[in-house]
1. Pairs of Cα atoms under 8 Å, at least six residues apart: use those to get the relative contact order of chain A, whole percent.
2. Check which residues have an amide H placed less than 5 Å from A:Phe28's amide H, if you skip close sequence neighbours.
3. What does the extension gain come out to for A:Ser214 and A:Lys9, with contour length at 0.36 nm per residue minus their alpha carbon separation?
4. Here are some pairs, A:Lys302/B:Lys188; B:Lys100/B:Lys237; B:Lys188/B:Lys237; A:Lys105/B:Lys276; which of them have Cα atoms lying more than 28 Å apart in this structure?
5. Solvent-accessible area of A:Phe326, probe 1.4 Å, all protein chains present, reported in Å² to the nearest ten, please.
6. Filter the GluC sites (Glu not before Pro) in the stretch B:242-304 down to the DSSP loop ones having no more than 11 other Cβ atoms within 10 Å, then list what survives.
7. Along the charge dipole of chain A, which of A:Val386, A:Leu178, A:Phe320 sits closest to the positive end, that is, farthest toward it, with unit charges on the beta carbon of Lys, Arg, Asp and Glu (+1, +1, -1, -1)?
8. With every protein chain left in place and a probe of 1.4 Å, what is the accessible surface of B:Val219, to the nearest 10 Å²?
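The values are calculated or read from the model by the stated rules, or taken from the named source; none is laboratory data. Only a predicted model underlies this, so the values are computations on that prediction, with no experimental measurement involved. A quick note on method: Cβ atoms are made from the backbone with ideal geometry, for glycine too, and the neighbour counts reach across all protein chains shown. The area values use the complete protein model at the heavy-atom level, side chains included, leaving out ligands, DNA and RNA. Shrake-Rupley method; radii C 1.70, N 1.55, O 1.52, S 1.80 Å.
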Amino acid sequence: MSDWRTRGKTSLSAAVLAAILALPILGFQLSETGTGLTVLARLHTVAWVFVAVGLGSFALTSARAIKWPSIALPAQTSDRLGWALAIFALALPFLPFADRSLIDKATLILIYVMLGWGLNVVVGWAGLLDLGYAGFYAIGAYSYALLAQAFDISFWLCLPLAGLFSALFGLALGFPVLRLRGDYLAIVTMGFGEIIRIVLLNWQSLTGGPNGISNIARPTLFGLTFTARALDGGKTFAEALGIPYSANQRIFFLYFLILALALLTNFLALRLRRLPLGRAWEALREDEIACRSLGINPTNIKLSAFAIGAMCAGFAGSFFATRQGFITPESFSFIESAVIVAIVVLGGMGSQVGIVFAAIILVGLPEWFRDLQNYRMLAFGLTLLVVMIFKPSGLVSRRSPTIVLKDPA
Amino acid sequence: MAYFIQQLLNGLTLGTIYALVAIGYTMVYGIIGMINFAHGEVYMIGAFIALIAFLGATVHFGFGLTGGLIAALVITALFTGLWGWSIERIAYRPLRGAPKLAPLISAIGMSIILQNFVQLSQGARVMTLPPLLQGGIEVMSDDSLTVNLSWLQMGIIGLTLVLMTGLTLIINRTAFGRAQRACAQDPKMAALLGIHVDRVISATFVIGAVLASVAGLMVTLYYGVIDFYIGFLAGMKAFTAAVLGGIGSLPGALLGGLSIGLIEALWSAYFSIEYKDVAVFSVLILVLLFRPTGILGRAEVEKI
């Protein structure tokens, strides 16, 4: 092909640029010695950057030259895929290769799927970029932990309370700021997320500060515990069923619990979308001025999306707290919000099935390849960037209108 | 009283550093109407390059203190300016004309990439540099406390004022400044009149990055501690400063930066140091609620 040369030229200039950019930061390493800081040269890394960026850029420009078919799933396929995934998720613990670590990882992925579905209501449907979602996640987790410790309430009672608290926080924080324009809103929600984290970190008497809260009560199933020995007066799950106790039971129970919560979120979100409320979300995302002229109150509609998103985060948060058994403010940093946003964006901003795949890729892959752990955040950043540049509507994009005026003929 | 004046001086010094970073936000917003989320990271990279260049010049090439500082300033400005240019070229230019949230998300991606790039290449440890410039002048003395204005503080405030004056002159008096203002008003019309809009936008990013890198150098010298995470908070505060002063306005950035610096210093001194960041974020939220155009900004007219 004739454009090999131009592609080569582009790649070469990209490689040169990358090498120059990398030179000061990557080519020299700050290191602590007895007398103070000094710098050590390791210029060979710059050569690696040169080669890697050159090849990468060549591959990218070549990939761009090919016309890629878009992976837009038709509604029916997407629905079927969704059902297949749900059935697979239900059957997963009974499959022969399902061991404890796999179920543990699947539970983690499902937490993010649930968070992604919750945030999708806010970002994907209502079109409000919320960068402080981890704040509501934190409020859910801390509400559960504090309620369970202070009043000795069971998980099942705390769960709705934690969701309610998060939703109330969403309303209280959202009310003043939802009038703001999109990018301002993003920054302000990020500020809120940070404020919540800083308060959790410094309000020692209530939250335990940086040490967090430990010994959080584990969930029970109709009063049955998942421990080896029952608490006074209670029964364990294994005793009630007359089967031998195994630590796996708790892992499996947690898995089904989060699966149920996630599916509930999904169901709720999908049904809400069909209500006039959900249509108003989407209409508002597309054109706020038109909506206002049709008599829709933008603040109320946005607030409802914000509160519902926050409530889902609250549910996920209390599940997180009960699964971990301890929580610290460090689990709810801005990075966490960024991961959830990345899942929604990669999933196609509005596609429920896309979010599942995005969560598997972004959360699952680094779990399996532990060596990649260090590069995890780098991969998140690259994902956001590359997806935005090449497909601003996300990977599995299906953002067709939910309602279409049919031809009367 | 002496304590108050000392805090005032500290706040002003901090404020000029914020102001330098805030200019990057304000100029970029003025010209393409987006929040350059990765700008805080540019400042962080500037601080790292400054530290590396300074150590390299003094330890390996035997420069003196002044020579080392000048070398660090020049090298940081060059490399960070190039970083600023590349960020715009990679993350924002392909998205011109895309929906408004798209460049914001790619900016967040860019900022995560830069943070982790520095963390992976330089480690997550906090880098500490012993204080280099000591001494200063005694401003006033109370029976309990002496107010000190250090040479470093004077240098920081002085250099900021010089840079600000220079930038104002460039924007108001030169052909480039005219083109820049024209693009900020109406990029399409500016393009029709023969202005290379993309080039002007690139130059704006480079100017913002260079100023941020100077702020990075200053903060390295002033506090002596940097790590890969400093860009996040500094970026948030500088953005707050830009909004407070009126986004899009250069004197506004200075005014906003100084106000944020003073608020932070006085809040830490008289209320609680733990909640100083909360105080700044609250200022941001209050300003956006009650005066979204900031102190010196003009109201935006939405055209249908």
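1. Relative contact order comes out at 25 percent.
2. Placed amide hydrogens put A:Arg42 under 5 Å from A:Phe28.
3. 68.0 nm
4. Distance filter (> 28 Å) returns A:Lys302/B:Lys188; B:Lys188/B:Lys237; A:Lys105/B:Lys276.
5. Surface open to solvent at A:Phe326 totals about 110 Å².
6. B:Glu302
7. Most positive-ward Cα: A:Val386.
8. Solvent-accessible area, nearest 10 Å²: 10 Å².
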